[in-house]
Each structure stands twice: as C-alpha cells, then as structure tokens.
Amino acid sequence: HMSDLHISSDVYADEAFRGFEVALELGLNKGADVVLIAGDLFDNGRIKQPLMDQVWDMLGDVGRPVIVLPGNHDTVLVNGVRLDNTPSDVTVIQKPEGEMVYLKEFGLSVWGRPVYDHHPGFRPMADVPPRSDDHWYVSMAHGLYMDPPDPLRASPISAEEIGQAPCDYVALGHVHVFRDVSQNGVPAYYSGAPSGAQTKTVAIVDLDPMLGVSVSPLEIVLD
C-alpha cells in the first residue's frame, strides 16, 4: 500500500521518481502479492507522455496486480484520459460513484471512489458497498481523516465512515505520513509518501486468515 508519489512534481521531480522506484523494489522484496496506490500517483496534468509511459512500464513489470485510485492531483487519470498505454495488470479505478475490482486468484476484492472533484461535498468513504462474497475486502480512499470533520475541508473522511466500513482494511492516501486511524476494529492506515520532506514510507499489509490484519511501515531511504 503506497500513496502520494507525486511523480512529475514541480518541486522534487527527481526525488519523487526515485521514491517510486525504491518503493516498488521494497514491496517486491517483501513478497507483496498486490500493489495498491491510494491516490496522487502523478502530481499534475502537465506530465510528459514519455514519463507517464515509463511509469506504466514499471508498474507492468511488477508482474502482479496493481490497482490505482486517482487522487486529487491525478487529473490525467480521470475520465479515461491518457490511459491507452496502461498495462493489462494495472487497473485504474474510473467510475465516479466508485468501483469494485475483483482479484479472484488472491481472494481479494478492492473498492474505491476516485477523486473527480476535490471539495468539501465529496465523501471518499460514504456508502462503502457491503461485502459481496467471502473474499478479503479492502477499500481505498484519498481524503483527509477528521474527527470531527471540518465542513470547510475538501474530501473529508469521518471516524464513523471508517468504523462502519464492511472491510478488512482501509488503504488511505492524501496524508504524507504513516498514520493509524483505525476505528471500531476496522484497520485503516495512511501509508505515508515515499518522497518529500517528511519521513518517507510505504506500508506492508498482511491479511492472514489465522492472525488477522497487520500493517507495518517501510521506511524509504533514497541515495
């Protein structure tokens, strides 16, 4: 589980790309079965096509499913824009009302609602669909956890929404530090970001039928 990579950032473009590389390498070395990117893979709509193609190639080379939830910076990923070169193993969630992705080979269902309009009325985790089968069920959301919610802040996520989510894990993005915001027994975490001024992290999530769900931060060290 990673988020907030901000590739093609106007502020730290080289570091953002290097953080992406290292994060993928660490996850694969840890034996990750699936890669979840909970928003802001890209920083802006000005990303050059060769760089975007390089990112898709790298995600395609992972050799396992990758699910990308567009965040508020991912304007190039909504409405199917510039997705012609997306590898077959990479799913970019597109439906504004939310979309379920089924990975039957891993016994995993993943739901998320992409950010089309980053404003206070957009609720990333409102009305999460019920569990539809006996798979592991993960929801992805890109927004700001607040308890209580601030009516002036965009894309709010409330404690009640997390606590009522019928999920085994909630993969969050938008906050650039590793953070546990679990509620009512529902594990919910921000993975942190693999680049930028803060401690750089991604998260490894273990879904174990005997031991339950465990989440650990992996610190990213850039050369």
Given 5 Å bins starting at zero, what is the percent of C-alpha pairs of the chain in each, up to the one with the largest pair distance?
-> 1, 7, 16, 21, 22, 17, 10, 4, 1, 0
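Evaluate segment 107-175: find the radius of gyration of its Cα atoms, find its Kirkwood radius, and give the ratio Rg to Rh.
0.98
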Förster radius 35 Å - calculated FRET efficiency between Asn44 and Met210, Cβ distance, rounded to 0.05 | 0.20
When ligands, DNA and RNA are left out and all protein chains stay put, how many square angstrom of accessible area per residue does segment 130-178 have with a 1.4 Å probe?
-> 42 Å²
According to a simple spin-label model (label point 7 Å from Cα along Cα-to-Cβ), what is the distance in nm between Leu83 and His119?
-> 2.3 nm
Report the label-to-label distance for Leu51 and Ala197 in nanometres (one decimal), using points 7 Å from each Cα along the Cα→Cβ vector.
-> 2.1 nm
Return the long-range amide H neighbours of Gln183 (sequence gap of 5 or more, or a different chain), with a cut-off of under 5 Å between placed amide H atoms.
-> Ala188
Which FRET efficiency value, to the nearest 0.05, is calculated for Arg153 and Leu222 with the Förster distance at 25 angstrom and r the Cβ-Cβ distance?
-> 0.25
Which lysines have a Cα less than 23 Å from the Cα of Lys200, not counting those fewer than 8 places away in the same chain?
-> Lys30
Counting only the backbone N, which residues of segment 163-184 are under 11 Å from the spot 7 Å out from the Cα of Arg131 toward its beta-carbon?
-> 166-169
Looking only at lysines whose Cα falls under 27 Å of Lys95's and that sit 8 or more positions away or on another chain, we get Lys48, Lys104
To the nearest 500 deg cm²/dmol, what mean residue ellipticity at 222 nm is calculated for the chain from DSSP H runs of n ≥ 4 alone, each contributing -39,500 (n - 2.57), summed and divided by the residues?
-> -5000 deg cm²/dmol
Report in % the part of the accessible area of the chain that belongs to carbon and sulfur, leaving out ligands and nucleic acids; probe 1.4 Å.
-> 49 percent
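The values are calculated or read from the model by the stated rules, or taken from the named source; none is laboratory data. Because the structure is a prediction, the values reported are computed rather than measured. Because the Cβ atoms are built from the backbone with ideal geometry, glycine has one as well, and the counts that use them run over all protein chains shown. Calculation scope for accessible area: heavy atoms of the full protein, side chains included, ligands and nucleic acids excluded. Shrake-Rupley method; radii C 1.70, N 1.55, O 1.52, S 1.80 Å.
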